[in-house]
Structure formats: C-alpha cells, structure tokens
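Here's the structure we're looking at; comments come further down.
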Amino acid sequence: MLKQFTIHTSNRDQMIDVTDKVQRVIDESGTSGGAVIVYCPHTTAGITINENADPDVKRDMLRRFDEVYPWHHELDLHIEGNTAAHMKASTVGSSQHIIITDGRLLLGTWQGIYFCEFDGPRTRSFYVKII
C-alpha cells in the first residue's frame, strides 16, 4: 500500500508531526506487522524521528540547524540562495523506516515522525509505503 499526503507549511523552517497520518495508513491497511517507509521527495525538506513531548526540542533543533547552516553565507554559489535548506535536508535525510508490530508503529515513548520543512512556506508531499 502506498499513500501520498499533501502538506502545507507556513514557515521557512518547520517541523510538523505526521505520526498520526502514518498510523492512520497502517490502520486503514489492516497490517499487523511489517515495516513502513515515510519518504519525502523534496531536496529542501526531509523526514526525521525525534521527541514529540516537549515542543522546545523542535525549536532548539531548528535554531541549531540555523547556527550550523546559516541562511546567508558569502561563499554560497547556488543561484536560488537556499543552500542552507539543501544542507539541512541532507542532514535530516529523505526517509525513515519504522517497524510495525501488532498494528502499531514501534516508536519509543517520546518519539514522533516529523516532516521537516527547510525552504518554506510551500505545498509539499510525502509518501507512506507499507512493506
């Protein structure tokens, strides 16, 4: 089963919790075991798994990404001016694999799946594939 989602981001840098959307695909499929791939087909966005209990974690991560990859750098040559977004997306990665057991995502107590926008706001998509 393959499902495509459209997501609208509202900021240049943003982490959006998509855990419930992924679990819904598993629920709709009736899958009890296996794995799921969450994939982002964009070069300036990505998918990560991280803490979803304290919103400060997202804010801290986005701030630290900006520290490591500043938006403006005098040596960047990319004509679109979004080299930082490409660097952030490469760091996060374009996909995550998660085990499914008893029809549920096998995530840690505080973990969630995030769509990471680094060049917004935009209309984006991501895919969920059950294996």
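Say we look at region 32-82 and pick out the residues that are in contact (Cβ under 8 Å) with a residue 60 or more places away in the chain and closer than 16 Å to R12 by Cβ; which of these is surrounded by the fewest Cβ atoms within 10 Å (Cβ to Cβ)? Please lay out each step first, then the result.
Taking region 32-82 and keeping what is in contact (Cβ under 8 Å) with a residue 60 or more places away in the chain, we get 32-42, 44-52.
Among the residues that remain, those that are also closer than 16 Å to R12 by Cβ are: 42, 44-46.
Working: H42: 18, T44: 23, A45: 26, G46: 25.
Result: H42.
Could you go through region 86-96 and let me know if any residue there is of a type outside the set (V, I, T), over 12 Å from the mean Cα position of the chain (by Cα) and more than 15 Å from V18 (Cα to Cα).
Looking through region 86-96, at least one residue is of a type outside the set (V, I, T), over 12 Å from the mean Cα position of the chain (by Cα) and more than 15 Å from V18 (Cα to Cα).
Scan region 86-131 for residues that are of a type in the set (S, T, N, Q) and assigned to a loop (DSSP other than H, G, I, E, B) and jot them down. First the steps, then the outcome.
Step one: filter region 86-131 for residues of a type in the set (S, T, N, Q), giving 90-91, 94-96, 101, 109, 111, 123, 125.
The answer is S94, T109.
Regarding G108, is this residue closer than 13 Å to Y39 by Cα and at pLDDT 95 or above?
Details: closer than 13 Å to Y39 by Cα: no; at pLDDT 95 or above: yes.
Judged against the criteria, G108 is not a match.
The values are calculated or read from the model by the stated rules, or taken from the named source; none is laboratory data. Keep in mind it's a predicted model, so treat the numbers as computed, not measured. Cβ atoms come from the backbone with ideal geometry, glycine included; neighbour counts cover every protein chain shown.
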